[in-house]
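The values are calculated or read from the model by the stated rules, or taken from the named source; none is laboratory data. These numbers were taken from a predicted model, which means no experiment stands behind them. So basically every Cβ, Gly included, is an ideal-geometry build from the backbone, and we count neighbours across all protein chains shown. Areas reflect the complete protein model, heavy atoms only, side chains present, ligands, DNA and RNA absent. Shrake-Rupley method; radii C 1.70, N 1.55, O 1.52, S 1.80 Å.
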Amino acid sequence: MKARDEAEFTEFAATTIRRLRRTAYLMCGDWHRAEDAAQDALVKVYRHWNRINRSDSLIGYAHRCVVTAVLDQSRKPWRRERLDETGDDLRPLPDTVGSVDDRLLVIEALHHLSASQRACVVLRHYADLSLEQTADILGISVGGVKSQTSRGLGRLRELLDQTERSAS
């Protein structure tokens, strides 16, 4: 890689690593896995740096890489661990303190969504990507993004309403 390209990539990586790591965290719920996914994504961007059209959506490509990395991690056999095998998807979220930060409740609720719903909700509402960008990153249609986002948001409302009712 040329020195100029190296400097451009270094600047890009420095400015986007935190955003990619947070997106990965919202998708997987583990800071260590999120760090790995963000680094894997940047490695992939680095390897393809000369072929990437940087006038297009470079951040979109990086998000595609991080989403792929998170989903690939979850497919690994050692990642198929379950904390609770009750099968009750509608159980209230725990509120052991009595007053929990809303952000933590939303992050916990995100983990009860399917991977595709979580990816759509995170990319659309956290990463603030358009329907078209999200569809391109996930490799699905715009209609698929709309339906997965709608189902995911409905499920989040359901889970957060249950938590609110159980707290009162």
Check: Considering the range 25-38 alone, what residues qualify as being surrounded by fewer than 17 Cβ atoms within 10 Å (Cβ to Cβ) and under 23 Å from GLU6 (Cβ atoms)?
Finding: GLU35
Next item on the list: Sort out which residues of the range 106-159 are assigned to a helix (DSSP H, G or I), open to solvent by 60 Å² or more (accessible area, probe 1.4 Å), at pLDDT 90 or above and not basic (Lys, Arg), and write them in order of number.
Entry: HIS125, GLU132, GLN133, ASP136, SER150, GLU158
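Quick grid of which residues meet (1) in contact (Cβ under 8 Å) with a residue 60 or more places away in the chain; (2) over 18 Å from GLU132 (Cα atoms):
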{"position": "ARG18", "(1), (2)": "no, yes"}
{"position": "ASP36", "(1), (2)": "no, yes"}
{"position": "TYR46", "(1), (2)": "no, yes"}
{"position": "TRP49", "(1), (2)": "no, yes"}
{"position": "LEU58", "(1), (2)": "no, no"}
{"position": "TYR61", "(1), (2)": "no, no"}
{"position": "VAL67", "(1), (2)": "yes, no"}
Item checked: Extreme residue, modelled with the lowest pLDDT, among residues of the range 76-105 that are within 18 Å of GLY152 (Cα to Cα), in a loop (DSSP other than H, G, I, E, B) and aliphatic (A, V, I, L, M) -> LEU90
Next item on the list: Would you mind stating whether GLY29 is at pLDDT below 90 and over 12 Å from the mean Cα position of the chain (by Cα)?
Entry: no
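Here's the yes/no breakdown for (1) modelled with pLDDT of 90 or more; (2) in a loop (DSSP other than H, G, I, E, B):
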position	(1), (2)
ASP5	no, no
PHE9	yes, no
ARG19	yes, no
ALA34	yes, no
GLN39	yes, no
VAL45	yes, no
ARG54	no, yes
HIS63	yes, no
SER74	no, no
